[in-house]
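Heads up: the structure comes next, in structure tokens.
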Amino acid sequence: MIDLKEILINSNYKKETEELIKTAQLAHKHWETYWTRFFSTYVCEEILKDFKNLNDFKFFVYGGFSSSQRSRIACFRADNIPKEDALIRNFPAQGIQVNGNFLFDNATQEDFRTLLIKNTLTEENKVGDIWTIGNRGAQGIIDNLDIEHLNENFFYLRDVKVKINILGLDELQIPTGRSRKLINTVEASTRLDAIASAGFRISRTKIIERIENGMLILNGNKVNKPTINLKIGDKIQLENKGFIEILNLEITKRERWKVKLLRK
């Protein structure tokens, strides 16, 4: 069986790793597929690196759609591997829609996430991706257990009255523009704001505003300083815009930086 203490020693994500270990132990004991709660997709990929040499278990990362920013990890025995389409079909989540008029009171992804977590007694790790739908509210993905009290119910986000509806995952308007794309750019520095601006195709001023408002995640953690210098392998996540990963950094003769990014 898994040595919990040994795996946790060098883990940078101890809480998530411990949950994955316990979930894998259930899968091994009962010969069934078990899922963790929602974590950052980046964190899912990072903690699975510690499990790659374990022959008894297999894992599958999925968040409700391809390139989701938050995912769950399915755990199953290596001698009882389900088909991928069955894992997707039986993904333990529902869609959610928050309807309200935000024409004069803009709300962000984090505003809607806070609404679901604090005002509806839903745990943080039971909420997957959330994305805004113009000024009409938001949609997202949520754990499918104990959510009946949310459906057709009214809540307040600041002064805006909103109605929550539970949807099937196939009813959601999945965010577009997240196909994989290689980006080559030359920047004056390796600062977070410079590279994020180039990778997400957003002006430097707007990207700094998003960073300072806590809307950007670097390597699984929220950051609010645009001056952080990045390195190869860093992954940046931006609300409603997906991920960019730094594949290469190379200094030029003119002391500028050739940057190779993967956007997904």
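Of everything in the range 89-112 that's of a type outside the set (D, E, K, R) and loosely packed, with under 15 Cβ neighbours inside 10 Å, which residue is nearest to ILE217 (Cα to Cα)?
Narrowing the range 89-112 to residues of a type outside the set (D, E, K, R): 90-104, 106-109, 112.
Now narrow it down to the ones that are loosely packed, with under 15 Cβ neighbours inside 10 Å: 90, 92, 101, 103-104, 106.
Details: ASN90: 29, PRO92: 25, ASN101: 28, LEU103: 27, PHE104: 27, ASN106: 21 Å.
Filtering the range 89-112 for residues that are of a type outside the set (D, E, K, R) and loosely packed, with under 15 Cβ neighbours inside 10 Å, the one nearest to ILE217 (Cα to Cα) comes out as ASN106.
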Open item on the list: Anything in the range 27-76 that is within 22 Å of GLN94 (Cβ to Cβ) and aliphatic (A, V, I, L, M)? List them, or say none.
Closed with: VAL61, ILE73, ALA74
Open item on the list: Within the range 81-88, does at least one residue satisfy the condition of being crowded, with 21+ Cβ neighbours inside 10 Å and either under 23 Å from the mean Cα position of the chain (by Cα) or at pLDDT 90 or above (or both)?
Closed with: no
Open item on the list: Pairs needed: first member in the range 103-119, without any contact (Cβ under 8 Å) to a residue 12 or more places away in the chain; second member anywhere, in a helix (DSSP H, G or I); C-beta distance under 9 Å; at least 6 residues apart or different chains.
Closed with: ILE117/GLU124; ILE117/LYS126
Open item on the list: Tell me whether the range 35-44 contains one or more residues that are loosely packed, with under 15 Cβ neighbours inside 10 Å and either outside the structural domain of ASN219 (by TED's automatic domain parsing) or in contact (Cβ under 8 Å) with a residue 12 or more places away in the chain (or both).
Closed with: no
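Test of understanding: among PHE155, PHE200, which residue is assigned by TED's automatic domain parsing to the domain that holds ILE228 and aromatic (Phe, Trp, Tyr)? I'd like the intermediate steps shown before the answer.
Working: PHE155 fails: assigned by TED's automatic domain parsing to the domain that holds ILE228.
Within the list PHE155, PHE200, the selection yields PHE200.
The values are calculated or read from the model by the stated rules, or taken from the named source; none is laboratory data. Bear in mind that the values here come from a model prediction, so they are computed numbers and not experimental data. Note: ideal-geometry Cβ built from the backbone for every residue, glycine included; neighbour counts use all protein chains shown.
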